[in-house]
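Take a look at the structure set out below.
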Amino acid sequence: MTKHTTDKTELILQDALQGLCELSDQSFDMAICDPPYGAATSANWNYDSSKKMTGFGGNWQLNNQEWDLLTGNEIFKSTYLWLSHLKRLVKPTGSIWIHSTYHNAGFVNVVCQLLGLEIINEVVWYKRNAFPNLSARRLTASHETILWVHTGGDKRKYNFNYDDVKKAKFAGDNMKEADKQLRTVWDVPNNKAKDELQFGTHPTQKPMRIAERLLLISGIKGGKLLVPFAGSGTEMIAGMKYGMQSVGFEINEEYFKHASERILFEENKVKSQLFQEC
């Protein structure tokens, strides 16, 4: 088994459904899940890369990803399996965050109810710089859903850093004011900073500011973060910066290498900053 291990992270090249079986009960304080949505089709949509799309995050191209070509039954089954593991692995004081779109949100919601996982909030991530709909046959999809879930049943012991979140003011989010409660609609552009893309790209990579917000809400400093679908490593890096030990799984070798390089670079940068401060 191939692993990439640093002081604060352990990234494993393995199918998450296999790797999660080997982890101990209630050993994590938080999980961030960005599973395959089942959104890809056999269609080959391409936008002319010679054209610039100012305000829409740059050039656009939709490529089919084999790992995202799932039938409905496969989505439901895999969702049930990994959420069953997370119910076992995340402490009652912890939180599970799940990214979804209309392609898989229904499966996630139903499985949570079947497993007795209470949905604390449904967050709408509004992307004002969303890609246009090129077919001209439907509305432009400009949001994703993020579910905040806990495993503690009626006792509801989950951690919520209420004061930190209320105090926060997020740059670029026109719906959040300092010293006001955070709402369930987040105005977060989907643009990524240059350092988030320097080692390569991932087709469903989330901006770092989303992961950082999730950690601000329910992260536990000194605790453990689980990232079953590591992708480009964004959530693991955010966890490291927040002060959590991160464990992640990635099945694709290319993305595993990409994430490993990013994680190592960011950890070395943090060490360098600490050295300079001393």
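The values are calculated or read from the model by the stated rules, or taken from the named source; none is laboratory data. Just so it is clear, the model here is predicted, and its values are computed rather than measured. Heads up, the Cβs are rebuilt from the backbone with ideal geometry, glycines too, and the neighbour counts pull from every protein chain shown.
Scanning region 75-107 for residues being buried (at least 18 other Cβ atoms within 10 Å of the Cβ) and either hydroxyl-bearing (Ser, Thr, Tyr) or modelled with pLDDT under 95 (or both) gives a total of 10. Answer yes if at least one residue in region 88-97 is part of a helix (DSSP H, G or I) and either small (Gly, Ala, Ser) or at positive phi (or both), and no otherwise. Within region 88-97 (the criterion being part of a helix (DSSP H, G or I) and either small (Gly, Ala, Ser) or at positive phi (or both)), the answer is no, since none of the residues qualifies.
Each row is one residue, and each column tells you yes or no for (1) at pLDDT 95 or above; (2) part of a loop (DSSP other than H, G, I, E, B).
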{"residue": "Gly200", "(1), (2)": "no, yes"}
{"residue": "Arg213", "(1), (2)": "yes, no"}
{"residue": "Leu216", "(1), (2)": "yes, no"}
{"residue": "Phe229", "(1), (2)": "yes, yes"}
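One residue stands out among those in region 57-74 that are within 29 Å of Ala193 (Cα to Cα) and among the charged types (D, E, K, R): the one that is modelled with the lowest pLDDT, which is Glu66. For region 98-118, name all the residues that are touching a helix residue (DSSP H, G or I) at 6+ places or on another chain (Cβ under 6 Å) and either assigned to a strand (DSSP E or B) or charged (D, E, K, R) (or both). Ile98, Ser100, listed by residue number. Contact map, region 1-25: residues that are touching a residue at least 40 places away in the same chain (Cβ under 8 Å) paired with residues that are of a type in the set (Asp, Glu) and outside any strand (DSSP E or B), Cβ distance under 6 Å, separation 6+ or inter-chain. Pairs shown: Thr6/Glu267.
Quick check: anything in region 178-190 closer than 23 Å to Val90 by Cα and either surrounded by 19 or more Cβ atoms within 10 Å (Cβ to Cβ) or touching a Phe, Trp or Tyr at 6+ places or on another chain (Cβ under 6 Å) (or both)? Within region 178-190, none of the residues are closer than 23 Å to Val90 by Cα and either surrounded by 19 or more Cβ atoms within 10 Å (Cβ to Cβ) or touching a Phe, Trp or Tyr at 6+ places or on another chain (Cβ under 6 Å) (or both). Comparison of Lys221, Lys206, Lys241 shows that the only residue that is assigned to a helix (DSSP H, G or I) and farther than 19 Å from Thr151 by Cβ is Lys241.
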